[in-house]
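First up is the structure itself, then whatever we jot down about it.
The values are calculated or read from the model by the stated rules, or taken from the named source; none is laboratory data. Bear in mind that the values here come from a model prediction, so they are computed numbers and not experimental data. Heads up, the Cβs are rebuilt from the backbone with ideal geometry, glycines too, and the neighbour counts pull from every protein chain shown. These area figures cover heavy atoms from the full protein model, side chains too; ligands, DNA and RNA do not enter into them. Shrake-Rupley method; radii C 1.70, N 1.55, O 1.52, S 1.80 Å.
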Amino acid sequence: MRFRHADAIRSDHPELTAGALWATGVDAAADVGPRVAAYTARATARLAGATEGEFPEVLAWRRAFSRMGLKPTQYRCASESLLRRLRKTGELPRIHPVVDLCNAVSVAYAVPVAVLDVDRITWPLLEVRHARGDERYTTFGGDTEHPQPGEVTFADSGGRAHARRWTNRQSGHSAVGARTGRILVVTEAMHDGGADVVPELLKTLAGELSAHWPTTPAAAVLTAADPEFAFDA
């Protein structure tokens, strides 16, 4: 199994720093509440001094969305949406322990963290690339959409899109659920300093997963020189 960013994506966004993590043995039984609260508190403390729209991590993604022809206040990266919700409601949604933990880490670091059910992806390749327009995307409501040609998406070997507008919205098809046992986590930063943040985030998340589930995650920072994360499943 392989995950990568297409050369065209890296050419268009040379500031991108990405990381990927693979883990097995997860389930919906773990109690991650205290750790979610700790990471959420870290984000809340930062929001007390500035809104998420002032964070350099968020501003960098807004610039990237603008370059893609998207209105950044209409289409927000996942971490901005979570931070905005946290600022307005004081809490994050509770979905599944793995997702809750990834969301909390995402707001703590203010960068997008996507978590996908590996067994809902058609392998051998999942690639962040420009859509052709014929890829199938399933909403959380079960509807089928097709990304616009040129839109950045996570596309698998079966022609299924697992995201719309890159870090804006994940697919319901590969969402983590009650039967999920194996996950792929992807984090992507665009801001100055992302090269330092992404390795730290991966280490943090690997430690949290190991603390709550019987797993030893494998992780890697992906670069233009070494853009592919390969793992056995």
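Could you check the range 2-51 and list, in sequence order, the residues that are crowded, with 17+ Cβ neighbours inside 10 Å and aliphatic (A, V, I, L, M)?
9, 16, 18, 20, 21, 23, 26, 30, 32, 36, 43, 47, listed by residue number.
Right, residue 8: more than 16 Å from the chain's Cα centre (by Cα), more than 23 Å from residue 101 (Cα to Cα) and not acidic (Asp, Glu) or not?
yes
Can you tell me which residue within the range 131-149, out of those that are of a type outside the set (D, E, K, R) and free of Cβ contacts under 8 Å to residues at least 24 places away in the same chain, is most open to solvent (accessible area, probe 1.4 Å)?
148
Since residue 106 meets every condition but one in (1) of a type in the set (Ser, Thr, Tyr); (2) under 23 Å from residue 29 (Cβ atoms); (3) out of contact with any helix residue (DSSP H, G or I) (no Cβ under 9 Å at 6 or more places or on another chain), which condition does it not meet?
(3)
Somewhere in the range 150-163, is a residue open to solvent by less than 20 Å² (accessible area, probe 1.4 Å), under 19 Å from residue 22 (Cβ atoms) and aliphatic (A, V, I, L, M)?
Scanning the range 150-163, I find at least one residue that is open to solvent by less than 20 Å² (accessible area, probe 1.4 Å), under 19 Å from residue 22 (Cβ atoms) and aliphatic (A, V, I, L, M), so the answer is yes.
Identify the residue in the range 205-228 that is among the small types (Gly, Ala, Ser) and out of contact with any strand residue (DSSP E or B) (no Cβ under 6 Å at 6 or more places or on another chain) and, among all such residues, is nearest to residue 15 (Cα to Cα).
224
Taking the range 74-94 as the search range and keeping residues that are over 22 Å from residue 154 (Cα atoms) and free of Cβ contacts under 8 Å to residues at least 24 places away in the same chain, which one is least open to solvent (accessible area, probe 1.4 Å)?
Here the residue is 93.
Pull up the range 93-104, narrow it to residues that are more than 14 Å from residue 45 (Cα to Cα) and in a helix (DSSP H, G or I), then point me to the one that is farthest from the chain's Cα centre (by Cα).
Within the range 93-104, the match that is farthest from the chain's Cα centre (by Cα) is 97.
Of all residues in the range 105-130, which are over 25 Å from residue 42 (Cβ atoms) and open to solvent by 10 Å² or more (accessible area, probe 1.4 Å)?
Hits for the range 105-130 are 117, 119, 120, 121, 122, 123, 124, 125, 127, 129, 130.
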